[in-house]
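Written out below as structure tokens is the structure these notes cover.
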Amino acid sequence: MLVRSICTICSAPKSFDGIHLKMNQRSSNYWPYIPLLLIAGLSFWLNSSVAPDTHDNDPLRHDADYWVDNFSVKRFDRDGRPLNTLSGQKMTHFPDDDTTLITNPKVTFFRQPTLQLSAALGQIGNDGKEITLTNNVLIHRDGSAGGLPMEMRTQRMVLFPEIEELRVTSNLTITQGKSVVSGSAMNLNNKTGISVLNGPVTATFHRANPL
């Protein structure tokens with residue numbers, strides 16, 4: 001239909017509203033080819049209009065757009081009391097995947113007993129709600145009511161600061177005094193103080209005051 005309309009326009013009489021077009025015999029021989037040229041031009045224009053821009057699909061390089069050295073961020077509740085602190089040696093943001101890497105991250109929860117976490121590397125997700133700690137992860141909880149402090153070592157842990165929960169996804173070892181407990185994974189809720197250790201679990205408990 002489109003081709004037919006173009007041909008009809010191109011084949012119209014060589015007189016428009018009293019304006020006469022004079023064509024010699026040589027130019028009139030090319031007249032039948034004009035519709036084909038118009039069709040070819042229109043096809044080229046349509047193809048260039050709908051063809052995707054290959055440059056827009058080029059992957060972004062994993063380059064940082066900003067970084068901060070020796071930083072510390074403290075979060076408070078509505079009454080101005082400190083909830084937790086995130087600090088590190090360096091924080092680097094990458095815009096291609098909207099992730100943030102932290103060198104030597106440290107997280108402290110001020111809910112009693114105080115809980116402190118540290119690692120060699122941390123990564124904040126693009127939604128900012130979780131922090132993945134990897135390599136030499138250490139969790140230290142102060143002792144409560146005169147009890148002994150607890151330490152846990154692992155290689156990977158996912159932390160959810162807003163709800164104060166952490167999930168250990170690799171083998172871990174917990175020590176409290178001379179007692180040692182090992183497992184393959186663990187979930188810990190800092191608000192309730194409840195920890196769930198996944199097996200296989202091995203434990204050696206040391207009695208402080210043997211009978």
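Read-outs: derived from the displayed coordinates by stated rules, not from any lab. No experiment lies behind these values; they were computed from the predicted model shown.
Whole number please: convex hull volume per residue, Cα atoms of segment 62-211, in Å³.
Details: hull volume 19.0 nm³, N = 150.
Measuring per residue, one finds 126 Å³ for the Cα hull of segment 62-211.
In a fully extended conformation the segment linking D77 and F110 would gain 10.7 nm over its present Cα-Cα distance, using 0.36 nm per residue.
Between T173 and D96, what is 0.36 nm times their sequence separation minus the Cα-Cα distance? Round to one decimal in nm.
On the way: separation 77, 0.36 × 77 = 27.72 nm, distance 3.62 nm.
Going from the current span to full extension adds 24.1 nm.
Volume of the convex hull of segment 132-185 (Cα atoms only), normalised per residue: 77 Å³.
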